[in-house]
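Asker: Sharing a structure below in structure tokens format, with a few things to ask.
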Amino acid sequence: MSSRPTSTGPTNTSTNQSWGGRFSEPTDAFVERFTASVDFDRRLALHDLQGSVAHATMLARVGVLTDEERDAIIEGLGEIRGEIERGEFAWSVRLEDVHMNIEARLTDKIGITGKKLHTGRSRNDQVATDIRLYLRDEIDVVGAELARLREGLIMLADREADTIMPGFTHLQTAQPVTFGHHLLAWQEMLARDHERLLDCRKRVNVLPLGAAALAGTTYPIDRHVTAELLGFERPAENSLDAVSDRDFAIEFTAFASMLLMHLSRMSEELVLWTSAQFAFIDLPDRFCTGSSIMPQKKNPDVPELVRGKTGRVYGHLMGLLTLMKSQPLAYNKDNQEDKEPLFDTLDTVKGCLRAFADMVPAIEAKAGNMQEAARQGFSTATDLADYLVRKGVAFRDAHEIVGQSVAFGIKESKDLSEMSLAELRQFSDVIDEDVFAVLTLEGSVATRNHIGGTAPDQVRAAAQRARDALAALSSREGQG
Ligand code: ARG
């Protein structure tokens with residue numbers, strides 16, 4: 001099969017045999033390189049083969065190809081697949097892109113039948129199909145990594161359901177919360193990202209093939225057959241739209257931007273918490289690096305880098321939106337610029353998720369330090385105010401009384417829970433012995449005992465619900 005065919009049809013002297021007929025001089029050497037995409041769209045090769053096998057199968061089904069021609073094409077494409085997987089395929093910039101490289105090689109292998117593969121098809125619907133097939137597979141990989149990270153967070157949250165830390169607003173100590181509750185807040189953000197990912201997948205999973213260059217084709221094609229062979233939900237409704245829009249890639253990049261925004265916020269907290277000043281957590285050495293000059297340093301490089309990589313993903317979102325904003329229907333060469341931002345977004349998202357999914361279960365909480373920090377900063381002041389309200393004081397007056405108690409505490413360097421009853425009673429005589437139960441950190445978190453609250457029992461219940469929701473979502477994954 002690999003010998004050169006004896007009859008491959010008309011020859012031409014111009015550079016690219018795919019359109020030589022109309023041209024009177026070869027493409028300028030620089031323009032050839034400038035317009036080529038094979039250096040990056042080679043990444044679509046296996047999906048290009050997958051699309052071609054389905055296209056040839058459909059063409060035979062409707063009688064445009066004979067069964068023998070179909071078999072020769074599929075066998076040739078199979079051999080090419082092997083060459084690509086073994087790294088033996090000779091990619092050529094002169095053949096511009098992944099599609100023409102593969103088609104030329106097929107003709108090289110099986111002769112004139114190879115030239116029939118492109119019947120009823122254009123590179124315009126071909127490339128749109130390839131990207132959708134590729135992105136659909138990648139979405140499933142991203143979804144699995146996201147699920148792994150969520151599982152890690154839920155596991156850690158369950159383990160740290162009783163661990164008390166200061167909760168912050170304005171990065172100032174606000175009220176005590178449990179560490180498990182904080183981790184489940186992260187988990188909620190990722191759960192919404194996961195929903196967005198699977199929602200985006202539905203719109204990716206639509207078949208462009210059959211749109212041909214822009215207007216459809218005169219052959220009696222059956223697009224439902226091709227859609228089914230490739231696992232697409234349905235054929236795209238409109239041929240002009242099918243070859244031109246890339247909103248599905250923008251949508252994925254928007255998902256990725258939101259995800260990275262969330263990972264970046266988590267990173268920021270991890271970095272803060274590993275500092276000597278906070279010392280809330282420890283990250284295992286294998287996720288950190290040292291300094292070449294300061295021997296004591298252990299740097300949280302992984303979260304820092306994830307925070308940093310967020311910028312390039314936002315950039316790709318802006319790039320893709322801008323790429324599309326002025327394009328008239330239908331296909332324009334501009335669209336060749338869709339691939340690199342999308343590929344880099346995928347690489348970045350997969351890398352960040354993998355790093356986080358590996359690292360999160362290994363986070364070590366320094367419960368003593370967290371507890372100590374929560375004891376500072378009068379984090380149970382609101383609990384004292386609520387106590388006074390329960391004793392009949394109006395909330396505004398209670399707020400004032402507690403404010404005076406805090407001012408006293410600052411002067412005396414005493415937390416509210418460290419004051420004597422007599423000291424507390426200077427500010428209100430409704431205060432009794434029972435006040436100390438609400439001034440402790442444990443009492444404070446335990447009483448926030450409702451759905452969405454920080455009480456340890458609520459955290460454990462929320463972790464179980466999160467596990468169930470993740471299992472339900474994961475069973476939806478891969479089902480278009
Ligand atoms: N390399 C092209 C792309 O990525 C393939 C489609 C080319 N179509 C065309 N009419 N020049 O968009």
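The values are calculated or read from the model by the stated rules, or taken from the named source; none is laboratory data. Only a predicted model underlies this, so the values are computations on that prediction, with no experimental measurement involved. No Cβ is skipped: glycine too gets one built from the backbone with ideal geometry, and neighbour counts run over all protein chains shown. What goes into the accessible areas is simple: the full protein's heavy atoms, side chains included, and nothing from ligands, DNA or RNA. Shrake-Rupley method; radii C 1.70, N 1.55, O 1.52, S 1.80 Å.
Asker: What helices (runs of 4 or more DSSP H) lie completely within the range 27-103 and have 2 or more residues being over 23 Å from Lys116 (Cα atoms) and more than 14 Å from the ligand (Cβ to nearest atom)?
Answerer: So the answer is 29-35.
Asker: Restricting the range 112-133 to residues that are over 15 Å from Thr66 (Cβ atoms) and of a type in the set (D, E, K, R), which is nearest to the ligand (Cβ to nearest atom)?
Answerer: Arg123
Asker: List, please: which pairs have Cβ atoms under 6 Å, are six or more places apart or on different chains, and start with a residue in the range 73-85 that is under 14 Å from Glu103 (Cβ atoms) and touching a residue at least 60 places away in the same chain (Cβ under 8 Å) and end with one that is open to solvent by 10 Å² or more (accessible area, probe 1.4 Å) and assigned to a helix (DSSP H, G or I)?
Answerer: Gly76/Lys109; Gly76/Ile110
Results for (1) charged (D, E, K, R); (2) more than 22 Å from Pro208 (Cβ to Cβ), shown as yes or no for each residue.
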{"position": "Arg33", "(1), (2)": "yes, yes"}
{"position": "Ser37", "(1), (2)": "no, no"}
{"position": "Ala45", "(1), (2)": "no, no"}
{"position": "Asp48", "(1), (2)": "yes, no"}
{"position": "Val53", "(1), (2)": "no, no"}
{"position": "Arg70", "(1), (2)": "yes, no"}
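Asker: Could you name every one of the helices (runs of 4 or more DSSP H) located completely within the range 426-480 that has at least 1 residues being over 31 Å from the mean Cα position of the chain (by Cα) and within 16 Å of Thr382 (Cβ to Cβ)?
Answerer: It comes to 435-439, 441-446.
Asker: Of a type in the set (A, V, I, L, M, F, W, C), open to solvent by less than 30 Å² (accessible area, probe 1.4 Å), over 21 Å from the mean Cα position of the chain (by Cα) and more than 16 Å from the ligand (Cβ to nearest atom): which single residue out of Leu183, Leu230, Leu198, Leu209 fits that description?
Answerer: Leu230
Asker: Pick out the one residue from Gly120, Gly111 that is touching a residue at least 60 places away in the same chain (Cβ under 8 Å), part of a loop (DSSP other than H, G, I, E, B) and under 26 Å from Thr217 (Cα atoms).
Answerer: Only one candidate qualifies: Gly120.
Asker: Taking the options Glu412, Glu433, Glu423, Glu418, name whichever one is among the charged types (D, E, K, R), more than 30 Å from Lys202 (Cα to Cα) and surrounded by 16 or more Cβ atoms within 10 Å (Cβ to Cβ).
Answerer: Residue meeting the stated conditions: Glu423.
Asker: Of Thr274, Thr322, Thr348, Thr289, which residue is at pLDDT 95 or above, over 24 Å from Arg203 (Cβ atoms) and away from the ligand (no atom under 16 Å from the Cβ)?
Answerer: Being at pLDDT 95 or above, over 24 Å from Arg203 (Cβ atoms) and away from the ligand (no atom under 16 Å from the Cβ) holds for just one of Thr274, Thr322, Thr348, Thr289, which is Thr274.
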